[in-house]
1. Would you mind stating whether residue 88 is open to solvent by less than 40 Å² (accessible area, probe 1.4 Å), modelled with pLDDT of 90 or more and farther than 25 Å from residue 153 by Cβ?
2. Pick out the one residue from 133, 138 that is open to solvent by 20 Å² or more (accessible area, probe 1.4 Å), closer than 23 Å to residue 49 by Cα and modelled with pLDDT of 90 or more.
3. Within the range 91-127, how many residues are open to solvent by 80 Å² or more (accessible area, probe 1.4 Å) and assigned to a strand (DSSP E or B)?
4. Considering each of 27, 47 in turn, give the residue that is closer than 19 Å to residue 112 by Cα, modelled with pLDDT of 90 or more and either assigned to a loop (DSSP other than H, G, I, E, B) or open to solvent by less than 70 Å² (accessible area, probe 1.4 Å) (or both).
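The values are calculated or read from the model by the stated rules, or taken from the named source; none is laboratory data. It should be emphasised that the depicted structure is a prediction, and the values quoted were computed from it without experimental measurement. In this analysis, Cβ positions are derived from the backbone assuming ideal geometry, glycine residues included, and neighbour counts consider all displayed protein chains. Accessible surface areas use protein heavy atoms only, side chains included; no ligands, DNA or RNA. Shrake-Rupley method; radii C 1.70, N 1.55, O 1.52, S 1.80 Å.
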Amino acid sequence: MFKTLQYAVLMVAEIKSSRHDVGSTVLICSRGGGGLLVERMELAAELWEENMKVRAQFPHPFIFHGQILVTYIINTIQAEFVPVRDPSLTEQYEYANEHDIKCLVIITDSGMSQQGSVKVRHLDLKKEKEIEKVHLIKFLSEALAATQFRNPAIWS
């Protein structure tokens with residue numbers, strides 16, 4: 001997906017500097033597979049790129065004769081990952097708790113390679129759903145639109 005791993009690392013700095021949008025943060029976690037650092041970085045970068053597309057569509061409020069007529073509130077999905085090569089699941093849960101992150105996207109070596117799926121887990125609601133990776137952005141966007149994942153229909 002990326003020409004170099006440097007691209008994903010540069011995206012971190014760019015996104016971190018513009019984290020003022022209204023949105024929801026998800027933590028990209030791994031279970032097994034030696035930490036799956038590259039896979040976690042790639043998945044986070046995919047979500048960051050999607051946010052860039054949304055920002056490009058609505059870069060500024062509409063201004064007419066010096067008056068702001070329409071302001072767009074952009075619901076974006078912020079993605080983070082624990083910046084450690086092989087964090088334990090406990091360390092990742094602790095990171096989520098310390099940073100008030102309620103939604104985890106959990107990748108596994110077998111899930112990514114065999115089925116191309118990830119698990120989305122909401123910590124407060126104690127709900128979990130397996131999602132095909134190709135549908136992850138759509139699921140997270142719909143969940144975010146459903147008042148911060150609280151719509152029970154998205155979990156069935």
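1. no
2. Only one candidate qualifies: 133.
3. 1
4. 27
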